[in-house]
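First comes the structure, then the notes that go with it.
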Amino acid sequence: MASKFRLALIQLYVEKFRPNNLARASRLIAQAASNGAAVVVLPEFFTCWCDPKYFIENKEQLDGPTNRMLSQAARDNRVFLFGGTFPEAIPDSEMLYNTCQIFNPRGDLVGMFRKLHLFDVDLGPRMKITESEMMVPGKSLTVVDTGFCRTGFGVCVDLRYPELARLYAKRGVDLMTYMGGFSLTTGPHHLQVLQRARAIDNQIYVANVGPASNHDAPYVTYGHSAVADPWGRIIGETGSDEDIVYADIDLDLIADTRTRLPVDHMRRDDLFETRDLTEEQT
Ligand SMILES: NC(=O)CCC(=O)C(=O)O
């Protein structure tokens with residue numbers, strides 16, 4: 001496995017409907033590849049606004065237009081593509097999954113991940129969100145070997161659960177990729193702290209990529225996509241506008257950090273453990 005590669009996070013400005021978003025994402029994937037990225041990541045709900053009305057109008061199945069654009073962009077640009085998330089229609093149901101598709105540089109679908117935790121919160125005026133009214137949570141973890149790194153996936157609020165990142169670390173991931181759309185209420189206080197904590201907990205790289213802030217949208221995302229290294233340092237970040245974050249990943253830093261600070265060796269596994277009760281991916 002190559003130990004160094006360039007990662008690109010596309011903090012996309014998301015419009016109401018799918019076609020413009022797919023076109024803009026496709027252009028930015030090409031731009032990231034031309035700047036040397038081997039692995040490119042899109043944000044949560046990059047195909048439409050994050051809102052029940054727009055989910056219904058833009059939902060699609062796994063073999064829909066989003067799948068086709070992502071496959072072609074991965075193939076045309078010869079990149080590994082972690083394709084953000086889209087509202088996945090569930091046949092014979094009004095409910096949705098929040099789903100990520102992962103493509104190799106030949107354009108083959110090599111993995112998918114469905115958001116595990118649903119964001120049901122009442123954070124004050126205009127910030128009451130009940131995702132469980134229209135979404136079904138996933139039940140399994142997804143690990144993908146890119147040839148550059150071994151990656152685990154989470155979506156947005158999944159970043160809040162240290163046990164989840166710990167399970168992935170036990171499966172040997174070098175990089176956790178969270179596609180998120182943190183809120184303007186929680187993001188400024190929690191997002192980077194959580195991201196750095198997951199990196200420090202597990203001594204791995206942690207990427208978080210959200211849509212750019214769009215103040216016309218019903219749910220305004222915070223942006224601030226970033227990459228944390230195994231020491232917990234932020235090595236690439238942006239603000240709230242559309243942008244691409246680049247980070248040069250050096251996997252040797254993981255072993256180096258673990259040698260200098262052997263948290264795993266010191267861990268009291270005789271006193272507590274994190275058990276894996278997830279289902280196999282179907
Ligand atoms: N869509 C989400 O899961 C939002 C999560 C979020 O904002 C948080 O604070 O957690």
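Just so it is clear, none of the values below were taken in a lab; they were calculated from the coordinates. This one's a predicted model, so the numbers in the text were calculated from it and none came from an experiment. Here the Cβ is made from the backbone with ideal geometry for all residues, glycine too, and neighbour counts use every protein chain on show.
One table, with the values for the structure above:
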quantity	calculated
Entries of K53/K139; K4/K139; K59/K139; K4/K59; K128/K170 with Cα pairs more than 30 Å apart	K4/K139; K4/K59; K128/K170
Among Q61, P87, Q72 the positive-end extreme of the charge dipole of the range 45-100 (Cβ point charges)	Q72
Estimated inter-spin distance, E133 and K170, nm [label 7 Å along Cα→Cβ]	3.6 nm
Three-way shape label, the range 86-165, alpha-carbon gyration tensor, a/c 1.5	oblate
Residues whose placed amide H lies under 5 Å from that of R150, excluding near-sequence neighbours	D174, L175
Rough spin-label spacing in nm, given labels placed 7 Å along Cα→Cβ, for T274 and A30	4.0 nm
For N214, distant residues with modelled amide H under 5 Å away	T221
Antiparallel bridges, percent of DSSP beta bridges restricted to the chain (to nearest 5)	65 percent
Spin-label pair R267/S93, simplified geometry with 7 Å Cα→Cβ offset, distance in nm	3.2 nm
Lys, Arg +1 and Asp, Glu -1 on Cβ, resulting dipole of the range 180-282 about Cα centre, debye, nearest 20	420 debye
Relative contact order (%) - the range 1-80, alpha-carbon pairs under 8 angstrom, separation at least six	37 percent
Around R114: net Lys/Arg minus Asp/Glu count, Cβ-Cβ under 10 Å	+1
Rounded FRET efficiency, nearest 0.05, which uses the C-beta distance separating D250 from I56 and R0 of 45 Å	0.55
Estimated vicinal HN-Hα couplings, Hz - the range 7-24 in sequence order (Karplus 6.51, -1.76, 1.60; Gly, Pro = x)	9, 10, 10, 9, 8, 6, 7, 9, 9, 4, 10, 4, x, 5, 5, 5, 5, 5
Computed over the range 1-116, Cα set: Rg, Dmax in Å	13.8, 45
Dipole in debye (nearest 20) - the chain, about Cα centre, beta carbon charges: Lys, Arg +1; Asp, Glu -1	440 debye
Share of Cα-Cα pairs in the chain lying beyond 33 Å, as whole percent	15 percent
Cβ-placed point charges (K, R +1; D, E -1), dipole of the range 71-134 about Cα centre in debye, nearest 20	400 debye
Farthest positive-ward along the chain dipole, Cα basis, beta-carbon charges - from N20, F148, G181	F148
Sorted peptide list for 122-132, 137-147, 223-233, 192-202, criterion being average Cβ within 10 angstrom, highest first	223-233, 192-202, 137-147, 122-132
